[in-house]
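Undergrad: My questions all concern the structure below.
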Amino acid sequence: MTDHQLNTLLTAERRELILRAAIREGLLDPEDALLAGFIDLDAVAATVAALHRAFPDSVEVLHTFAAKANCLVPVLERLRGLGMGCEVASPGELAQALAAGFAAERIVLDSPAKTSRELVRALDLGVAVNIDNWQELSRVDEILRARESRGAGESRSRIGVRINPQVGAGSIGAMSTATATSKFGIALADDGNLERLVAAFRDRPWLTWVHAHVGSQGCPLDLMAEGVAAAVAFAEKVNSELGRRQVVGIDIGGGLPVNFDSDPMAPGFDEYVDRLWAHAPALFTGDFQVVTEFGRSLLAKNGFTAAYVEYTKSSGGRPIAITHAGAQVATRTVFMPQSWPLRISAHDPSGGPKSGDLVPQDIAGPCCFAGDLVATARPLPLLEPGDIVALLDTGAYYTSTPFGYNSLPEPAVHGVTVEADGTVRFELLRAAQSIDELVARTNR
């Protein structure tokens, strides 16, 4: 599928087709299914294919999906079937990746707070590990010595060190992981660290990978590529000074920013690879294996969240629509609206586009605090009770990782495929949480 064909999937007409079918099948209902998430599995497959196409065949690449972006096991299973590996950052995500059937050698464990138990499990399984700091490096030393003393042999894990290239921040500080004072990785430019790192690789032949990740949303492609270039230069320095090809792979992280302004996916993976060629051409010589860790950019554009309007009112002259989608499924948007604005489409009870003049109105959620707004003064056809709003570009995070405020139950998430004749097929990815299940989870 071409990039043009990919972008034709992500249209208002396709979302309307899905929304109408969901209402007909009762997946959205004003009494029993007030809120649901939808993942377009056809579009996911096309996006993954675009990622694979973007990198040249001359380089051995393992594309892993950052599980934090959508940790639902059926989603991970689908991505595994599309040839992806999985990047995890917690014991829960590792368990989800294993439940989804990922082979250990196609899983990468990151995290700045790995416990000894997590590290032992990963190294026993053969999961790749990116060491975050000097103390963790010492901890891995101890674990590997213990393995040797008990006759367990060498771990099959690919083990690397995460460096902080300290190339600076993008427009969203919270999403920028290569600042001078970032909590992630070993700061490459801090006094003595470069020499100490080279010595660490010299003393540990099992250190064979370098990892760097500059950030995601708000980070320009050139900044991300500069961070990768610093990682490649460090790997080349290690190999040169040691006089052997010890560093065999570069984990370049993920973080491609997502366009939340319109349907087409922009920037594309091919644009990012172009910037990598410009800043880090040695990445493509074949001297290094490559791992990527894209997450949001693979799924965000391929999903939406639909919710009913329960009430409408006016306050201070401004119309307000009270809906069932708020901070519990759009946490970042509610708490950081300037950094995470979402497009919203308005629909009548049939799922068709709402008609009428555009009226600035607040789109509020159900949570019990005044700031639970997914949009403020947003021009939309005037909403009424029973209408539906769709929060667009929410295939990553959002409904897959809900926030438990007010003990609102987790909504259902449905996978969607559309046949050539327009027939819409749904696949349950996560069932809606019942009140009884919610109480059981919060009871002793």
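The values are calculated or read from the model by the stated rules, or taken from the named source; none is laboratory data. All values derive from a computational prediction rather than experimental measurement. Here the Cβ positions follow ideal geometry from the backbone for every residue, glycine too, while neighbour counts run over all protein chains shown.
Undergrad: Limited to segment 354-370, what total is found for residues that are loosely packed, with under 15 Cβ neighbours inside 10 Å and not in a loop (DSSP other than H, G, I, E, B)?
TA: 3
Undergrad: Exactly one condition in (1) in contact (Cβ under 8 Å) with a residue 60 or more places away in the chain; (2) in a loop (DSSP other than H, G, I, E, B); (3) under 20 Å from the mean Cα position of the chain (by Cα) is false for V167; which is it?
TA: All conditions pass for V167, except number (3).
Undergrad: Further, regarding this structure: With A300, A346, A327 as the choices, which residue is closer than 30 Å to L383 by Cα, in contact with an Asp or Glu (Cβ under 8 Å, 6 or more places away or on another chain), at pLDDT 95 or above and assigned to a loop (DSSP other than H, G, I, E, B)?
TA: A327
Undergrad: Something else now. Exactly one condition in (1) among the polar types (S, T, N, Q); (2) free of Cβ contacts under 8 Å to residues at least 60 places away in the same chain; (3) farther than 18 Å from L429 by Cβ is false for T64; which is it?
TA: Of (1) among the polar types (S, T, N, Q); (2) free of Cβ contacts under 8 Å to residues at least 60 places away in the same chain; (3) farther than 18 Å from L429 by Cβ, only one is false for T64: (2).
Undergrad: I need the full set of residues from segment 311-330 which are surrounded by fewer than 16 Cβ atoms within 10 Å (Cβ to Cβ) and closer than 22 Å to D348 by Cα, in order please.
TA: Within segment 311-330, Y311, K313, S314, R318 meet the criteria.
Undergrad: In the set E154, E195, which member is in a helix (DSSP H, G or I) and out of contact with any Gly (no Cβ under 7 Å at 6 or more places or on another chain)?
TA: After ruling out the rest, the residue left standing is E195.
Undergrad: I'd like the full set of residues that are within 9 Å of A282 (Cβ to Cβ) and small (G, A, S), limited to segment 226-241.
TA: Of everything in segment 226-241, those that are within 9 Å of A282 (Cβ to Cβ) and small (G, A, S) turn out to be A229, A233, A235.
Undergrad: Would you be able to tell me the number of residues in segment 79-90 that are buried (at least 22 other Cβ atoms within 10 Å of the Cβ) and in a helix (DSSP H, G or I)?
TA: Here the count works out to 1.
Undergrad: So which residues in segment 6-60 are outside the structural domain of V329 (by TED's automatic domain parsing), under 15 Å from M265 (Cα atoms) and free of Cβ contacts under 8 Å to residues at least 60 places away in the same chain, if there are any at all?
TA: Matches in segment 6-60: A45, A46, A49.
Undergrad: Return the residues of segment 44-67 that are at pLDDT 95 or above, small (G, A, S) and over 30 Å from P366 (Cα atoms); say none if nothing qualifies.
TA: Those that are at pLDDT 95 or above, small (G, A, S) and over 30 Å from P366 (Cα atoms): A45, A46, A49, A50, A54.
Undergrad: With the structure loaded, tell me whether V418 is in contact with a Lys or Arg (Cβ under 9 Å, 6 or more places away or on another chain) and farther than 17 Å from A325 by Cα or whether it fails that test.
TA: Yes.
Undergrad: Just to be sure before I move on: is L144 out of contact with any Asp or Glu (no Cβ under 6 Å at 6 or more places or on another chain), surrounded by 20 or more Cβ atoms within 10 Å (Cβ to Cβ) and in contact (Cβ under 8 Å) with a residue 24 or more places away in the chain in the structure I sent?
TA: no
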